[in-house]
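Single-structure report; data block below.
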Amino acid sequence: MAARVSRRRNLVFGWTLAVLAIGLFASLGAWQSRRAVEKQAMLDAADRVLVDRRAVPLAEAADAQRARDYDWTVGTGRFDARGALLLDNQQREGRVGVRAYRIFVPEAGAPLLVDLGWLPLAGDRALPRVEQPAGEHELRGLLVPPPSTGIAVGPALSATDDGWLMTRVDMQAIAAETGMSVALAPRVLRLDPALPLGYARDLELLPNTLPPDKHRGYAVQWFALALAVLATALILTFRKPRR
């Protein structure tokens with residue numbers, strides 16, 4: 001009788017742990033699946049824009065209703081005199097560097113950040129110098145949401161000798177720190193790589209984050225772990241006790 005009560009108690013405790021583990025692993029698998037769907041939709045939307053390349057005015061970058069959308073754009077204006085903004089921890093072809101941004105003021109519409117491309121970091125992590133483009137420029141490229149901020153820890157940017165170093169692209173923090181009198185557009189301009197302006201760049205949307213296939217792979221792993229826990233719990237439940 002005591003052995004039967006002890007076994008029942010162990011089963012209740014074991015199944016409680018199993019259900020919690022299964023729920024956790026299944027939730028992580030579902031989250032990875034959702035991220036895969038979201039990122040695939042993002043890539044598909046950008047691909048359609050890049051195929052058509054029907055240009056909208058740069059002023060469209062300021063439309064808050066389309067802050068998560070993609071558009072091909074062409075427009076003229078001048079680069080703001082403020083220093084460059086360098087996004088830290090950006091990799092390209094296995095090398096560590098920074099992504100250079102400058103504020104651009106179009107003829108019409110709100111000022112916006114322009115992604116000028118990637119620059120390598122030296123071994124001593126001395127920040128590269130970013131040239132100030134002078135005069136009027138006609139820019140073209142892909143309007144995109146800013147890079148994902150992830151978990152926001154610490155200040156978004158800090159002043160350097162001739163600009164700012166960013167840990168993430170936070171439009172409100174950038175406007176406040178750089179002393180902008182008006183808000184920045186919620187979207188960023190990724191320059192057409194064919195333009196002579198700027199540095200090494202492409203229109204790859206996920207250069208420093210996981211692609212959809214990786215998320216799908218992780219989802220399968222989490223779901224497999226959930227099934228493994230369930231199978232183990234069933235085996236232990238229906239296994240005949242030793243006499």
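Readers should treat all values here as calculations from the given coordinates under stated rules, not as data from a laboratory. It should be emphasised that the depicted structure is a prediction, and the values quoted were computed from it without experimental measurement.
Odds and ends about this structure:
- Largest GNM mean-square fluctuation across Val229, Val74, Val56, computed for the chain with C-alpha springs under 10 Å, falls on Val229.
- Distance from segment 90-140 to segment 67-87 (C-alpha centre basis), Å: 10 Å
- For percent of Cα pairs over 32 Å apart, the value calculated from this model appears in [x] 14; [y] 55; [z] 38 under label [z].
- Residue separation of Leu195 and Asp80 scaled by 0.36 nm, minus their Cα-Cα distance, works out to 39.5 nm of gained length.
- Report summary: the helix-based calculation at 222 nm, which adds -39500 (n - 2.57) for every DSSP H run with n ≥ 4 and divides by the residues of the chain, gives -12500 deg cm²/dmol.
- Approximate shape of segment 34-160 as ellipsoid semi-axes (Cα gyration tensor, √5λ), whole Å, largest first: 25, 22, 14
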